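Derivation of every value follows stated rules applied to the coordinates shown; laboratory data play no part. Not measured: the values here are computed from a predicted model. Here the Cβ positions follow ideal geometry from the backbone for every residue, glycine too, while neighbour counts run over all protein chains shown.
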Amino acid sequence: METQLQLIANSESCETTSESIKKILHFSNGDLRKAINCLEMSSYFRDSSCYQIPVKAIIKIWKIILSGSFIKLSTSINEILLEGYDYRYLFKDLVDTAIEIELSDNYLSVLIIAIAKAENALIRGSNEMIELTKVIMLLFNMIPREKKKITQFIDKKSKKIT
């Protein structure tokens, strides 16, 4: 896929780097069509992070999960959606960070099942805000047992972005 994407970039005279191609491939999750669309968007906007949820936003969500605040959650999800980020990539980043945090297998499986149900509901016409809120609220239940791991993750990521 990397070779194919590079060929497309060259034939369309898109200025890309090997790193930007790798980012696009990572966020396309093995879907060449999505990768080509992202390449097109990144060329247009001169930015290879067309699907990437900013680390600050992910940290903010995990902080909200720690706080257990529905009001903060609602506001943050709305901000992310207004920025134009796709809910699918937020779901992907939540799973990726849950793995990085080393949440227990039980919590991880509950999260993945909740995301699968949310994606099914979205395909059937549900609202992104409602489904994102349901998935993240589910994570509120993890706080007592996983608080230390989540706090360590937030501290580690916060230091990298400052």
Relative to the compact-globule scaling 2.2 N^0.38 Å, provide the ratio for the alpha-carbon radius of gyration of the stretch 2-45. 0.97
Could you work out the Kirkwood radius for the stretch 86-162, taking every pair of different alpha carbons, averaging 1/r and inverting it, reported in Å? 13.2
Would you mind working out the magnitude of the charge dipole of the chain relative to its Cα centre, with +1 at each Lys and Arg C-beta and -1 at each Asp and Glu C-beta, to the nearest 20 Debye? 720
Dividing the mean separation of Cα pairs under 8 Å (6+ apart) by the residue count of the stretch 2-45 yields a relative contact order in percent of 40
Cut-off 17 Å, label point 7 angstrom out along Cα-to-Cβ of Thr151: give me the residues of the stretch 66-95 whose amide nitrogen falls inside. 66-69
Per the helix-only calculation at 222 nm, which mean residue ellipticity applies to the chain, given -39500 (n - 2.57) for every DSSP H run of n ≥ 4 and division by its residues, nearest 500 deg cm²/dmol? -25500 deg cm²/dmol
Quick one: plug the Kirkwood hydrodynamic radius of the chain (C-alpha pairs) into Stokes-Einstein at 20 °C, 1.002 mPa s, and report D in µm²/s. 126
Extension reserve of the Val110-Met129 stretch, reckoned as 0.36 nm per residue once the Cα distance is removed: 4.9 nm
A 20 angstrom limit on the alpha carbon distance is what I want to check against. Which of Lys23/Lys156; Lys117/Lys148; Lys23/Lys160; Lys56/Lys156; Lys23/Lys149 exceed it? Lys23/Lys156; Lys117/Lys148; Lys23/Lys149
Residues in the stretch 83-98 near a label at Glu119, defined as backbone nitrogen under 17 Å from the 7 Å Cα→Cβ point? 86-98
Could you work out the relative contact order of the chain? I mean the mean sequence separation of Cα pairs under 8 Å and 6+ apart, divided by the number of residues, in percent. 22
